[in-house]
Every structure is written in structure tokens, then in C-alpha cells.
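Structure, as C-alpha cells:
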Amino acid sequence: MEKVLTRNIGLEQEPTNLKAYEANGGYQGLRKAMAQMSPKDCQDVISASNLRGRGGAGFPTGMKWSFVPAAEKSTPGHRYLVCNADEMEPGTFKDRLLMECDPHQLIEGMILAAYTIGADISYIFIRGEYIVAIQRLRDALAECYGAGLLGENILGSGYSLHMHVHPSAGRYICGEETALINALEGKRANPRAKPPFPQVSGLWGRPTIVNNVETLCNIPHIIDRGADWFKTLGLGEDAGTKLFGVSGKVNNPGCWELPMGTPIREIIEQHAGGMQDGYQLKGFLPGGGSTDFLTAEHLDLAMDYNVIGAAGSRMGTGTMIILDDRTCPVGMVLNLIRFFAHESCGFCTPCRDGLPWSRQVLQDIEEGRGQPEDLETLAYQVRYIGAIGNTHCALAPGAMEPLQSALKYFYNDFKQHISAGRCPYH
């Protein structure tokens, strides 16, 4: 399997500096675009590549960019390219790997994306706890300005772009693109009503594209080597490679670059080394804390957006959280709901009040105070809080995904908690 995003990671000298990055083929895509390609040429290549967003939603990147109004149809003023590096999804750590080990790859992808949409200012909105990544990105930006890869008249092309690292003040909700934009403007991080969409009216009312770190890191390679090459990397409908991760009671937890469509069984049993001695697989969240549980019956499914969707979950960030047979599923879901309730922006009632309600019901069940009617209450909460359209954004529906699937696959565990008046796993 050809490594793309992680081709430089693990080398004797990882390219955290400009000289090493260029020695390993860095900025070839940028030089090609500046010398030979118009923004429309870049747009066409990315659209043809079938690159889908790697932040969780899987929306086609080229289509998203195409919604930015043509320059001649837009009012004069700035356009913005924003990298979402907030990465606060439970169980997810792939973007951190890319930023810490190969920061110039992200910067090159951002320059190319900004060039394509006509942006002249760009921001890396990064999780404040990522101290190492923040410093390496700032060092890399300074090198780029010194080498004429950022600033005015990049590589003599006439195109100019300024880029800034903006550490986030925190909150999971900042991963939602319009909440991120509000936070970047210095406002409270509440999601905005859509329309208008950010592509038309985003940061300070100007056309704005927000893309995930991993998504942007693919751009230099697609521009350099072409859409057809990128499409050959996937095993199924989805193109390219993907960073897949596994955490939990496995022998080799970590993160690996594999083809899109790699079977779940291969990821868990080969790359993650299988379950630790004395532990059996009970279930797993395939794409972070806000996805539905799958079980052993799904191990032979491909990690592909449509395949995982058809199985009743979402591929999300592609970073699996393993539930073993000695870990309480009620306690695991309680831990997740506790996190989501804490991270709610408080804008809408189902999220602000509904998630703490779910947390309390689950806590009562886990601590031995559960009643049979609590199961009906949880089912009601899933139907109401989990329904898209009942809340201002997707935080609460996402929070309900592990709960609704736990009730589906582990219902007897909930009943045993209530009948025994205690957690049977303790």
C-alpha cells in the first residue's frame, strides 16, 4: 500500500522543517499549480478526485469549494480559508499526528486550497492543548514566509496569501464550522443558522471554506499526481487513503494510513494486534464518540462512508473506540453523554436540558438507582433529542448515536443493572 499522508512519518529525519520537507518532495504540488494551473484547473482536479472530507461528515471537497461565488460575482473584500484543527471528538487523534510530524504538508495543502477558492487570508484554528503542533506550525509558517511560499507574490505567481495559527479557547462545539467561525471572530461559539452557508457568508460575512486537517493534507498530492492516481488508492467507492485509528483493550492501539475501504477486521486484528489476552470484543464505535456502536457481526465490513452508513452507523473520523466484554456499556455511554452534556453550547433546549437529563438517567442506572421506566425514558430521549431538525446543530443527535445503538445491541445490560440494583461489571 502506497503511503501518502504519512510517507514522511517515521523517517530518520521527519520533515518538521522546510529543508527536510522539500527534500522529500514537498511543495512540488504548489510549484506546479503556481506555474501551470489556474484556480479553475485546481478546482477541476479536486472535484474529479472524489476526495471526501475527512473530518467526519464525508462531504465531497470539490463540491464544497464550488459553492464559493466566482470572484466577479462577489463583492470586493477578503476571502478566507480556515483549517479546522480543533479535533475534540472523543477517541480521535489523527490530525495531531499529521500536524506534529509533517506540518508543512498541511500548510502546502492550505495554500493550494486558498489559491483555488481565491482566498487571501487563512487560519489554522487549532485545539489549544496541542502545544507541540502549535509551535511546529508556527515555526513552519516562519520558514514559508522566509522562502517566499507565503506572503506577497508567492513564487512570483502574483498570488498572495497570509496564514495565521489561532489556538482555540476550547469546547467541542468549535468543531462545528459555523461555531468555529463565531469563535474566530471573538464571539461565543454558538452554531449559526444556515443559510447563508459559510461558502457565501462566513467569517466576517465573507466567502469562507472550512476544511479538516486530513482533508487539506491530501490536496498537494492530488494536485501533483492527479485525480486518476488518487482514485486508484481506494478499495471501493471512496477514493484515496485514510488515517484509521483504534483505542481500547487491543494489543497495539494507534493510527495507520490505509486504503479507503479497508475491512474493519484487518484494522482491528492485524494493525491493532487484536484484543488483549483475557478480553473479547463486545462492540466498537467506528468513527469516534458520536457514532453508533457496531458489533462483531460487522467486522468484515469495509471502512467506507456508504458501507458503514448502510450498517446503521457513520464512519466519522475513522478512529475506532473498542468496547470489550469486561467494560460496562452503560458506563461507557454515560461517560460519553457526560462529555457531550458538558460541551453543549446551551443554545437550544433539547441539547442544553436534554443531554443533562440523559446523563442523570444513565447515572442512576449505573449507580444502582435505575427503574424499569428509565428504559422508556431513554428511548424517548433518543427519539426526540436524536432527531435531526429538533436541535440547532448536530451535537445532540450525534451524542444520541452511542446511546441509541447501545440500547439496540446491549439492552440486556441495561436491564441487568436495573434488576440487580447495581452495575454487574463492578
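Tabulated values for the structure
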item: Span from the the range 341-396 Cα centroid across to the the range 1-74 one, whole angstrom; result: 40
item: Pairwise FRET efficiency - residue 142 versus residue 28, Cβ, R0 = 25 Å, nearest 0.05; result: 0.70
item: Peptides 58-66, 101-109 ordered by average Cβ neighbours within 10 Å, highest first; result: 101-109, 58-66
item: Per-pair calculated FRET efficiency, R0 = 60 Å: residue 225 and residue 376 via Cβ, rounded to 0.05; result: 0.60
item: Per-peptide average of other Cβ atoms within 10 Å, ordering 37-50, 201-214 highest first; result: 201-214, 37-50
item: Three-way shape call for the range 18-231 based on the alpha-carbon gyration tensor, with the a/c threshold at 1.5; result: rounded
item: Cross-link table 187/249; 231/408; 3/187; 3/64; 19/94; 64/187, entries beyond 29 Å C-alpha to C-alpha; result: 187/249; 231/408; 3/187
item: Amide H contacts of residue 199 (H built 1.01 Å from N, under 5 Å, at least 5 apart or other chain); result: 208
item: Inter-site label distance for residue 11 and residue 296 at 7 Å from Cα along Cβ, in nm; result: 4.3
item: Three-way shape call for the range 107-262 based on the alpha-carbon gyration tensor, with the a/c threshold at 1.5; result: rounded
item: FRET efficiency, 1/(1 + (r/R0)^6) with R0 25 Å, evaluated for residue 63 and residue 232 via beta carbons; result: 0.75
item: Value at 222 nm in deg cm²/dmol, rounded to 500, when DSSP H runs of n ≥ 4 in the chain each add -39,500 (n - 2.57); result: -12000 deg cm²/dmol
item: Spin-label pair residue 425/residue 408, simplified geometry with 7 Å Cα→Cβ offset, distance in nm; result: 1.9
item: Centroid-to-centroid separation of the range 150-165 and the range 277-300 [C-alpha atoms, Å]; result: 45
item: Cut-off under 5 Å, modelled amide H: who pairs with residue 164 long-range; result: 122, 123, 124
item: Computed lengthening from residue 200 to residue 152, 0.36 nm per intervening residue step minus Cα-Cα distance; result: 14.8 nm
item: Separation of the residue 387 and residue 187 label points, Cα + 7 Å toward Cβ, nm; result: 2.8
item: Of 16, 178, 75, the one that fluctuates the most in a GNM where the chain has Cα springs shorter than 10 Å; result: 75
item: Peptide ranges 292-298, 383-389, 20-26 listed from the most packed, as the mean C-beta count within 10 angstrom indicates; result: 292-298, 20-26, 383-389
item: Within the range 230-265, backbone nitrogen closer than 14 Å to the virtual label 7 Å beyond the Cα of residue 48 toward Cβ; result: 230-232
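A short reminder: the numbers here are calculations on the coordinates, not readings from a lab. The shown structure was predicted, so the numbers you read here are calculated from the model rather than taken from an experiment. Note that we place each Cβ from the backbone using ideal geometry, even for glycine, and neighbour counts take in every protein chain shown.
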